[in-house]
1. From Cα coordinates alone, what are the radius of gyration and Dmax values for the stretch B:35-168 in angstrom?
2. Provide the convex hull volume over Cα atoms per residue for chain B, in Å³.
3. Measuring from label point to label point, each 7 Å out along Cα→Cβ, what is the residue B:124 to residue B:282 span in nm?
4. Under the Kirkwood approximation for Rh and a Cα-based Rg, what ratio Rg/Rh is obtained for the protein assembly as shown?
5. Run the numbers on chain B and let me know its relative contact order in percent, using alpha-carbon pairs under 8 Å that are six or more apart.
6. Quick check on the stretch B:219-283: what does the Kirkwood estimate of hydrodynamic radius come out to from the alpha carbon pairs, in Å?
7. At what distance in nm do the modelled label points of residue B:268 and residue A:1 sit from each other, each positioned 7 Å from its Cα along Cα→Cβ?
8. Work out how much length residue B:261 to residue B:17 would gain on full extension: take 0.36 nm times their residue separation and subtract the Cα-Cα distance, in nm to one decimal.
Amino acid sequence: MKAFYFAKIDYIKARTQLYVLLVITAVVVVIMQMSKDMTGQAGFMYGVFLAIVFSTTPFGNCTRKDVGFQQLLPATTLQRVMGRFVYGLSMLFIGIGIGLVAAAGYSMLTGQRETIPLPLCLIIFAVGLILITVQYIFFYLVGESKGAQFLSLVRMVPGMCFFFGSIKLTGEIQKDPSGAAKIIEMIGGNLDSIGWGSVALAVLVMAGGILVCTRATMKKDY
Amino acid sequence: MELLEVRNLSKYYKTFRLENISFMLPKGYIMGYVGQNGAGKSTTLNLITNICKSSSGEIYVDGRSCNDDESSYKETIGYIGDEFYFPDNFKVRHIRSVLNNFYKSFSTEKFDELVTRWKLDRKLEVKDFSQGMKVKLMFASVLARETKLLVLDEATNGLDPVIRAEVLKILQEYIADGERSVIFSTHILSDLEQIADYIFFIHEGKMVLYDAKDELMENHLLVKGERRAIFPELQKALIGITDNAYGFEAILPGDRADLLTNDFHFEKPTIDQIVIHYIKDREA
């Protein structure tokens, strides 16, 4: 339970960001409607991109004294670290929510009905979760409060790699569908299994990440 | 009955070593933890609150060690530092909500009462609070729950005399039931003279003096006189000899008072004077 309370602290600290996210959702829908290149799927990916970027906010607005305050609270290091991951995971759900709202908004405005397949959603979720975990491991190893100094440099990189990488991949598939068709043929009817498998893998990576981050911070001074 | 017990506490940094600190603080007493900047005061207090991890040694608060049960250990401690530790964009209601989530003994009624009594603005973010308001908010957050030990790290620095006097009154009320204690580091030694029962004096990471305040003041003399009157045996016994326009001034342990002749004046020193002369002696 205390992990959720730590996530709550992160939310209170980053509450302005949530208002910004709402504004961004509306902007994304408008941009998608105006752009011929963007699709509902791109909007969905944009939501996850936002989640990956915004999940690092607690490190960006974290000072040494903030960490000290959290250290004073009666909880274990594992609970503190889990709290941060709960925050990251919930941001991912919010990002997916924004993506779905953006995709739905796009469909309403353009009249084009576009469904996003569940396996694709699952794979994107898994990639997002792994990227968030990798970022968190980096920031915990660097030091929570020191992370802010690096944050401006590295914050956008994983999210951008994800976003532009997936856009590029979609573009390639559209250009030459035969390649994708071959892969799909190879996968056969296992697409759902791959989707769920990737989520399971991501959860394992996150669990490992929590342990690594806990070990990294257990002996640290604040 | 001891409330705080520190045994052979050490902390090694690249440029600083806190070495073998040991002391005990009984229930119902206030200890003044004094020393120069960088002497190891904050390090010791941060080790007690477990913000820092010790290299060796043991700390017990009301019989509990942080290694046994971190959560219940931290429940018993209230910490107030010279630096305001709540996140800048928090409001009073956020702090109330977070503390209520984490501390079993946190009383929202008591917290609200203190916030109202001290006229702390509920609408402002805490970064916009004055220094005095920040200290009061930290006190409200600590006094609204059942703690056993209050750890104050230069908490009265930068406060005006009226608020400082209020803080000292709060500390005296805190220990009044005889079940709770305070460890208090400060540079304002006159504050300690008013309220401290024990003094622990640390210099360059090592203990110099540790005694009941009254004993400490009884067991030292402030000696004044002409420099040329000092004879070799007295020279050895005097601590922190300092020249001034009228001759010299130094501290003499009470058990060496037999060395004083009619050439010297002596009086009861203040804590300030004892500390300053010991520091001068160490630096000489």
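Values in this text are rule-based calculations from the coordinates and carry no lab data. Note that the structure is predicted; figures quoted are calculated from it, not measured. For neighbour counting, all protein chains shown are included, and Cβ atoms are generated from backbone atoms with ideal geometry for every residue, glycine included.
1. 15.4, 45
2. About 148 Å³ per residue, rounded to a whole number.
3. So the label points at residue B:124 and residue B:282 sit 3.8 nm apart.
4. On the way: Rg = 30.4 Å, Rh = 26.6 Å.
Using only Cα positions, Rg/Rh for the protein assembly as shown is 1.14.
5. Details: 512 pairs, mean separation 59.9, N = 284.
Relative CO of chain B lands at 21 percent.
6. Details: mean 1/r = 0.0866 Å⁻¹.
One over the average 1/r among Cα pairs gives 11.5 Å for the stretch B:219-283.
7. It is 5.3 nm.
8. Numbers: separation 244, 0.36 × 244 = 87.84 nm, distance 4.11 nm.
So the chain would gain 83.7 nm between residue B:261 and residue B:17.
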